[in-house]
Amino acid sequence: MESSTPTLVHYIPIATTVLSAIFAPIIFRRWLGRRPAPHLWWWAFGVAMYGVGTFTEGFTTLFGWHEIIFRSWYVSGALLGGAPLALGTVYLMLSRRTANAMALVVGSVILAGATVVALSPIDMTLVESHRLTGAVLEWRRARLFSPFVNLWAATFLIGGAALSAWRYHGEPQLHHRFVGNCLIAVGALLPGIGGTATRMGYTEVLYVTELLGIVLIWMGYSWNVRSVPSSGSTASDSSPSPAT
């Protein structure tokens with residue numbers, strides 16, 4: 001195991017975990033008040049998984065590398081980091097039948113990937129005491145699942161937010177949703193950039209983009225659920241706007 005000393009950037013996931021732990025229950029409570037609303041359930045679950053992933057990063061910084069924590073990090077981050085949030089957008093924007101089919105397919109891929117990650121031997125010569133990287137997986141093909149899952153997730157999460165922003169940009173009374181969806185689109189993009197950097201060996205970039213991502217997504221959510229100031233009415237949840 002390679003020894004390393006944590007720097008300030010390695011403590012960033014602790015802050016991200018705290019924000020996720022506060023944000024996820026907010027969405028969950030909104031789901032409780034609007035059930036069945038499966039999109040809200042998936043978003044709450046997605047933010048929770050986001051927090052689990054950053055928790056494992058913070059744990060590694062504080063207490064060192066542990067195999068179970070590493071495998072949990074890979075599954076919750078690389079495989080579940082964006083997929084549940086994307087499924088929330090799918091359930092909001094597409095038919096229930098189509099969304100169910102996508103959930104089944106993507107869920108099967110994630111389950112298969114998680115199984116391979118759980119079974120793969122670890123190359124202990126590549127392990128760093130306070131830093132996580134998927135390079136330690138001896139079964140190199142175990143890392144082929146995450147690009148597929150994350151590309152699909154980015155397509156629907158970022159694409160859904162961008163499409164919604166475009167639809168609202170010319171409506172003054174719904175300007176808040178234009179702003180909210182722009183923030184969500186950028187916030188969803190950042191962890192993807194960090195994930196790519198991680199595959200290239202720059203895990204610290206992921207820590208920064210995860211924090212910025214959850215902040216922007218929360219800001220976007222807050223803008224989207226705002227009441228329309230004029231006439232005292234609120235925009236309908238039937239509109240294809242992520243995080244409503």
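The values are calculated or read from the model by the stated rules, or taken from the named source; none is laboratory data. Computed from a prediction, not measured in an experiment: that's the story for all the values here. All Cβ positions, glycine included, derive from the backbone under ideal geometry; neighbour counts span all protein chains shown. Ligands, DNA and RNA are stripped out before the accessible areas are found, and what is left, the full protein with its side chains, is counted by its heavy atoms. Shrake-Rupley method; radii C 1.70, N 1.55, O 1.52, S 1.80 Å.
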So, in the range 101-124, how many residues would count as being in contact with a strand residue (DSSP E or B) (Cβ under 8 Å, 6 or more places away or on another chain) and of a type in the set (Val, Ile, Thr)? 2
Right, Ser120: at pLDDT 95 or above and among the polar types (S, T, N, Q) or not? yes
Which one of the conditions (1) surrounded by fewer than 20 Cβ atoms within 10 Å (Cβ to Cβ); (2) touching a strand residue (DSSP E or B) at 6+ places or on another chain (Cβ under 7 Å); (3) closer than 23 Å to Ile193 by Cβ does Val136 fail to meet, given that it meets all the rest? (1)
Identify all residues within the range 196-244 that are at pLDDT below 60 and part of a helix (DSSP H, G or I); write none if there are none. Ser230, Ser231, Gly232
Among the residues of the range 157-176, is any touching a residue at least 24 places away in the same chain (Cβ under 8 Å), out of contact with any strand residue (DSSP E or B) (no Cβ under 7 Å at 6 or more places or on another chain) and aromatic (Phe, Trp, Tyr)? yes
Which one is least open to solvent (accessible area, probe 1.4 Å) among residues in the range 99-117 that are among the hydrophobic types (A, V, I, L, M, F, W, C) and under 24 Å from Tyr207 (Cβ atoms)? Val117
Among (1) part of a helix (DSSP H, G or I); (2) in contact (Cβ under 8 Å) with a residue 12 or more places away in the chain; (3) closer than 22 Å to Ala44 by Cβ, where does Arg71 come up short? (3)
Of all the residues that make up the range 179-215, how many are more than 17 Å from Phe156 (Cβ to Cβ) and open to solvent by 40 Å² or more (accessible area, probe 1.4 Å)? 11
Failed criterion for Arg34 (all others in (1) more than 18 Å from the chain's Cα centre (by Cα); (2) open to solvent by 10 Å² or more (accessible area, probe 1.4 Å); (3) closer than 23 Å to Arg143 by Cβ hold): (3)
How many residues does the range 23-65 contain that are assigned to a helix (DSSP H, G or I), of a type outside the set (Phe, Trp, Tyr) and under 13 Å from Tyr91 (Cα atoms)? 3
Taking the range 118-132 only, how many residues are in contact with a Ser or Thr (Cβ under 6 Å, 6 or more places away or on another chain) and either closer than 24 Å to Ser108 by Cα or basic (Lys, Arg) (or both)? 1
